[in-house]
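Colleague: Below you will find the structure I want to go over with you.
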Amino acid sequence: MKIYKIVSALILLFALGACESELDLQPESTLTYNGFWESEEAARAAQVGLYANFRARNSTFWTMGEVRSDIWGGPTFESPANLDLINQNISATQVPFGNWAGFYGYMHHINDFLLNIENIEFDNEADKAHLIGQVYGIRAFMYFTMLKTWGGVPISTEPLLDVNPSELAKARSSKEEVMALVKSDIARSLEAFGNDESFWNGQRTYWSKAASLVLKGKVYLWSGKLLGGGDTDYNEAKLALEEVQGMGFSLVENYNDLWGEENENNNEFIFKFDYTQDEAGNFYSGLFTGRSTEINATWDSYGNSMADFISNGGNRYGPSIKILEMIDNTEDARRDETFIRLYGNDEGHIPFDTEGYQASILKKFLGVVEAGSRLSNNDVPLFRYADVILLLAEAKNNLGEDPSEEINQIRMRAYGEDYTEAEDAYTGGSQVENTRAILDERLKEFIGEGKRWWDLRRAGGTFIFDEIESLDAAEAYKLELPISPGMIANNPLLEQTEGYE
């Protein structure tokens, strides 16, 4: 009987796959169809799969959240990656992410989990509630990412059980409808967590109540600024972020103590993607380091030889000259903990200059060297407490309050013993001035962490056009991405993103 169920499930899986071009939803799962959902152990196994699948999308989240910003586009050793995105070369025929970036296949697994876990009895019902809270939080994050990327998208909250394309095809819901789902899922996540502020298995590689609260802060700031929610939403964001402040997180004392495998269990990370040797490595080394033949022949900006540096990847993203100049204060720890700047001579180049400059290495996620090889096993944070502080500054500023206390918390950590109030403290100004200060502080704090594009979008106004040279206000429709003509041809209910018709 079990073999029959598995074979039947595989037949259905292939049928679903055959419909993919019609649906652009990528249904794929055997879980619902082979008797999988019969025990607590099955739910726990499904949870493991959900997190592996979530982690597999981290590079896409990063690309969506940072590549189009003003951070990248500078010199590289090798052919640069994603130049079309960096240069905003986007059109109805130049589509960055086909088939909704494959997110709906993952959404099917999420929906499958949420539907079936309700019917399973757990020895400890608190464990069941925690799992439900985790997965509603992740679904909210997924739909929020799609909303920010494409605007309105199809909404699917049930697993795909039908192989009939006419039944599966969906039109795009409005931005407001998608945002309503995101807010509803956050509320359901927080309801499931209740008063439980714990981390599953004590690990911050699992979603938690704190993660849902951070997401709530981001979501309500976005809807307040870009979807007309105004002060009501800003206040919701502020309350959520203040609740996180009361949950025991703190800034790591020294910025450099955030990075590296030996530091990844710090009290600043709220949710992080898990990378482990022989299981999965992060994507940074292949894009942000370089080959030893290139790096070993260079010197850093202090004139130190890179001859002994061990590399294991490529160098396909280079920081823009603008960014290197913006983070060139040697009293700010983020300068040297973010990039290793490489030169063709040992003369030393402080302050930064372009004479002899060749490329940079992103230092945050370099991994560790073992037996002469560099391993890319750093856990990578999605949310950390510094994010909470600066999001709270943003909420306060949007409400007409002074955000200088939060900005200065971040600056004091960055400057350490070199911080002097007279020279380094920020004094609150107009809302526009405060927004600029928050954006600049977030830029320095989070380079390489996939936030800059979203930060500029969320700021509203002309900030994004002021900062990104390749993006013109006359092409504001490019803030959201197009879908491919093939997707529209295969699903007649879909309409092109506004502006790309």
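Colleague: Would you be able to tell me the number of residues in the range 86-101 that are open to solvent by 10 Å² or more (accessible area, probe 1.4 Å) and either in a helix (DSSP H, G or I) or basic (Lys, Arg) (or both)?
Modeller: 4
Colleague: Then there's this: Kindly evaluate ASN111 against the criterion of being in contact with a Pro (Cβ under 9 Å, 6 or more places away or on another chain), part of a helix (DSSP H, G or I) and farther than 30 Å from ARG458 by Cα. Show your work before the answer.
Modeller: Working: in contact with a Pro (Cβ under 9 Å, 6 or more places away or on another chain): yes; part of a helix (DSSP H, G or I): yes; farther than 30 Å from ARG458 by Cα: no.
It is false that ASN111 is in contact with a Pro (Cβ under 9 Å, 6 or more places away or on another chain), part of a helix (DSSP H, G or I) and farther than 30 Å from ARG458 by Cα.
Colleague: Which fully enclosed helices (runs of 4 or more DSSP H) of the range 148-255 have 3 or more residues being touching a helix residue (DSSP H, G or I) at 6+ places or on another chain (Cβ under 9 Å) and small (Gly, Ala, Ser)?
Modeller: Helices (runs of 4 or more DSSP H) meeting the threshold: 175-193, 209-226, 230-245.
Colleague: I'd like the full set of residues that are within 18 Å of SER212 (Cβ to Cβ) and open to solvent by 10 Å² or more (accessible area, probe 1.4 Å), limited to the range 144-163.
Modeller: LYS148, THR157
Colleague: So which residues in the range 447-492 are assigned to a helix (DSSP H, G or I), out of contact with any helix residue (DSSP H, G or I) (no Cβ under 7 Å at 6 or more places or on another chain) and open to solvent by less than 30 Å² (accessible area, probe 1.4 Å), if there are any at all?
Modeller: Scanning the range 447-492 gives a single hit, LYS478.
Colleague: What pairs can you find where one residue is in the range 317-328 and open to solvent by 10 Å² or more (accessible area, probe 1.4 Å) and charged (D, E, K, R), the other is modelled with pLDDT of 95 or more and not in a loop (DSSP other than H, G, I, E, B), and their Cβ atoms are less than 8 Å apart, with a gap of 6+ or different chains?
Modeller: ASP328/ARG335
Colleague: In addition: Could you figure out which of (1) open to solvent by 40 Å² or more (accessible area, probe 1.4 Å); (2) closer than 17 Å to LEU494 by Cβ isn't true of VAL178?
Modeller: Here VAL178 clears every test but (1).
Every residue, every condition in (1) modelled with pLDDT of 95 or more; (2) among the aliphatic types (A, V, I, L, M), yes or no:
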site: GLY260; (1), (2): no, no
site: ASN263; (1), (2): no, no
site: TYR275; (1), (2): no, no
site: GLY281; (1), (2): no, no
site: TRP299; (1), (2): yes, no
site: MET306; (1), (2): yes, yes
site: TYR317; (1), (2): yes, no
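The values are calculated or read from the model by the stated rules, or taken from the named source; none is laboratory data. Here the structure is a predicted model, which means the values were calculated and not measured. All Cβ positions, even for glycine, are placed from backbone atoms using ideal geometry, and neighbour counts span all protein chains on display. The area values use the complete protein model at the heavy-atom level, side chains included, leaving out ligands, DNA and RNA. Shrake-Rupley method; radii C 1.70, N 1.55, O 1.52, S 1.80 Å.
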